[in-house]
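In what follows, a structure is listed as structure tokens, so that the remarks can point back to it.
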Amino acid sequence: MIREFERVALTRDMPEENLVAGDAGTVVHIYEGGKGYEVEFFSLSGRTLAVSTVMAEGVRPVGDEDITHARTRAG
């Protein structure tokens, strides 16, 4: 199970937040034992870009083979 303050990656695009699959964030709250998560997404400089509620199937834990990738977020 994903825990609070764990890094996660989106598994689907969230166009309403200008986020795409693969964007990484930090879990700041867990809903109903892991059915959903409140995830905070930051720029690489540390500015909060979005705080979004994501269902469990919309995120996955970040793994040892994942790599940071820089992209410019629209909007």
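No value in this document is a laboratory result; all are computed from the given coordinates. Remember, predicted model here, so these are calculated numbers, not experimental data. Here Cβ is always computed from backbone atoms with ideal geometry, including for glycine, and neighbour counts include all displayed protein chains.
Subtracting the Cα-Cα distance of I2 and M55 from their residue separation scaled by 0.36 nm leaves 17.9 nm.
Distance between the modelled labels on I67 and A21, one decimal in nanometres: 1.9 nm (7 Å Cα→Cβ projection). Loop-located chymotrypsin sites (Phe, Trp or Tyr not before Pro) across the range 1-66 with a Cβ neighbour count of 13 or fewer within 10 Å are F5, with loop assigned by DSSP.
Could you check the spin-label model distance between R47 and H29? Points 7 Å from the Cα along Cα→Cβ, value in nm. The answer from the label model is 2.5 nm. Loop-resident trypsin sites (Lys or Arg not before Pro) (DSSP state other than H, G, I, E or B) in the range 7-65 with no more than 11 further Cβ atoms inside 10 Å of their Cβ: K35, R47.
In this entry, the range 7-61 is assigned a mean projected area of 3.3 nm², taken as a quarter of its C-alpha convex hull surface.
The residues packed around V62, meaning those with a beta-carbon under 15 Å from its beta-carbon, carry a net charge of -4 if Lys and Arg are +1 and Asp and Glu are -1.
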